[in-house]
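The values are calculated or read from the model by the stated rules, or taken from the named source; none is laboratory data. Remember, it's a predicted structure, so these values are computed and weren't measured experimentally. Glycine gets a Cβ as well: all are built from the backbone with ideal geometry, and neighbour counts include every protein chain shown. Keep in mind that these areas ignore ligands, DNA and RNA; they rest on the heavy atoms of the full protein, side chains included. Shrake-Rupley method; radii C 1.70, N 1.55, O 1.52, S 1.80 Å.
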Amino acid sequence: MNVMLLAAGEGTRLRPYTNLLPKPAMPFLTLPLAAHSLGFLQEVSISKLVVNTYHLPEKIHSLFNRINHGANKLVFCDEVGEILGSGGGLSNAREHLKGGGDFIMMNADEVILPKDSQILSKAIAHHQATGALSTLMVMNHPEVGTKFGGVWTDDSGNIKGFGKTKIEGSENAWHFIGVQILSERIFNYLPEKGVSNILYDGVMAGVAKGEKAQVFPFECTWFETGNPADLLEASKHCLEILVAPDSPEKQALEKTFAQFATSRIITQNFNQALLQFSSEAVIDNNSKFSGFVCAGSRTVIGKDCSLENVIIGDDVTVADGTRVSNTILL
């Protein structure tokens with residue numbers, strides 16, 4: 001199956017960090033965020049992986065050229081001059097996806113830990129059985145309609161619309177986790193050029209013409225990673241999963257490490273702190289840690305440092321005596 005990953009975003013809520021790295025390349029549990037999106041796709045054999053770019057495109061190219069994405073073919077669709085949005089980005093890539101049948105489209109910066117390791121295959125089977133134009137993978141979330149806009153459906157899972165306000169004729173509201181399965185008929189409804197939104201200008205345009213669009217609810221742990229505080233909190237939560245007894249979420253993370261880590265990753269409790277570090281990291285024994293610390297490949301943590309709730313990227317040297325908390329070092 002073909003896959004399109006949306007990687008063009010500017011990551012504005014993660015600035016100034018995303019002035020240096022595009023969000024899919026930001027470190028999360030010592031891996032780039034894109035590895036976690038690809039980790040969710042592990043049960044699918046990817047024929048063609050299409051990645052769109054806009055912000056720091058050369059770093060997106062470098063990331064996907066070195067990561068173990070497993071696709072038979074990798075294609076980049078670079079957007080120049082303006083960012084085209086989810087619909088415009090997809091329309092810009094139509095020549096690479098048309099003729100390939102149903103395909104998956106998802107964000108390149110998602111962290112999704114499903115309870116069922118076969119859930120994506122089940123979602124694809126549901127999509128094909130219903131003949132839907134689009135099948136959105138969704139979950140229950142208490143903040144739908146307040147913090148997050150919802151996907152509003154009838155009792156049969158047919159999509160009625162999107163937003164924070166209940167749509168007429170809808171019975172349920174779901175949180176869209178950024179993964180959908182699309183029929184290539186979607187290109188009949190998207191504008192051929194310019195900025196557009198896949199949900200409003202593609203999916204709902206098709207629904208208005210009599211197409212069926214559905215949701216596929218499933219149980220998972222999903223993380224908001226769009227701002228520094230949420231990225232740090234998600235890191236802490238995942239480290240707690242990794243040092244806890246076995247669970248589906250822990251298995252999902254470990255499968256992602258197995259495919260994408262380029263060195264051994266060690267996660268442990270250390271003097272009441274949660275530490276995760278690459279075996280290629282060099283850490284001075286005199287430094288002190290609290291909360292959690294994640295240290296990437298070839299990181300060097302100098303003498304007498306004091307680090308609390310810190311994410312450290314690859315190839316970073318933390319100078320002797322550094323004292324920081326609740327931050328990201330790139």
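Quick one: plug the Kirkwood hydrodynamic radius of segment 8-119 (C-alpha pairs) into Stokes-Einstein at 20 °C, 1.002 mPa s, and report D in µm²/s. Here the translational diffusion coefficient equals 145 µm²/s. Summing charges over neighbours of T317, with a neighbour being any other residue whose Cβ is under 14 Å away from its Cβ, gives -3 when K and R count +1 and D and E count -1. Between A258 and K122, the contour length at 0.36 nm per residue exceeds the alpha carbon distance by 46.6 nm. DSSP assigns beta bridges within segment 1-86; of those with both partners inside it, close to 15 percent run antiparallel. Residues whose amide H falls under 5 Å from that of L6, counting only those 5 or more places apart or on a different chain, are M106, N107, A108, with hydrogens built in the peptide plane. For the chain, the solvent-accessible area of protein heavy atoms averages 43 Å² per residue (probe radius 1.4 Å; ligands and nucleic acids excluded).
With a Cα cut-off of under 25 Å and a minimum spacing of 8 residues unless on different chains, the lysine pairs in segment 93-222 number 18.
Using C-alpha pairs below 8 Å separated by at least 6 residues, the relative contact order for the chain is 17 percent.
Ignoring aspartates and glutamates fewer than eight residues from K73 along the same chain, the ones with Cα atoms less than 20 angstrom from its Cα are E43, E58, E95, D102, E184. Between segment 54-75 and segment 23-49, the alpha-carbon centres lie 11 Å apart. In order along segment 160-165, phi translates into HN-Hα couplings of 9, x, 9, x, 7, 9 Hz, rounded to whole numbers, per the Karplus curve 6.51 cos²θ - 1.76 cosθ + 1.60 with θ = phi - 60° and x for Gly and Pro. Taking 0.36 nm per residue of separation and subtracting the Cα-Cα distance, full extension of the segment from A244 to N19 would add 77.5 nm.
A cut-off of 5 Å between modelled amide H atoms, ignoring neighbours fewer than 5 places along the same chain, links F292 with L274, N309, V310.
In order along segment 197-210, the phi-based Karplus estimate (6.51 cos²θ - 1.76 cosθ + 1.60, θ = phi - 60°) of 3J(HN,Hα) comes to 10, 4, 6, 7, 8, x, 4, 6, 5, x, 4, 4, 9, x Hz; Gly and Pro are listed as x. Taking the Cα centre of the chain as reference, the dipole from Cβ charges on Lys and Arg (+1) and Asp and Glu (-1) amounts to some 280 debye. In this structure H69 has an accessible area near 30 Å², from a 1.4 Å probe over the protein heavy atoms.
For segment 222-330, the number of Lys pairs with C-alpha atoms closer than 26 Å, counting only pairs eight or more positions apart or on separate chains, is 5.
Can you give the alpha-carbon Rg of the chain over 2.2 N^0.38 Å, where N counts its residues?
That works out to 1.02 for the chain.
The H on the amide N of D78, modeled in the peptide plane, is under 5 Å from the matching H of T53, each at least 5 residues off or on a different chain. As a fraction of the 1.4 Å probe accessible area of the chain, surface on carbon and sulfur atoms comes out at 46 percent. On the basis of the beta-carbon distance and an R0 of 30 Å, S45 and R66 show a calculated FRET efficiency of 0.90.
With a cut-off of 8 Å between alpha carbons and a minimum separation of six or more residues, what is the relative contact order of segment 76-224 in percent? Don't jump to the answer; show the numbers that get you there.
Numbers: 279 pairs, mean separation 55.6, N = 149.
Contact order relative to length: 37 percent.
Karplus-based coupling profile of segment 94-101, in residue order and whole Hz: 4, 5, 8, 10, 5, x, x, x, with θ = phi - 60° in 6.51 cos²θ - 1.76 cosθ + 1.60 and x standing for Gly or Pro.
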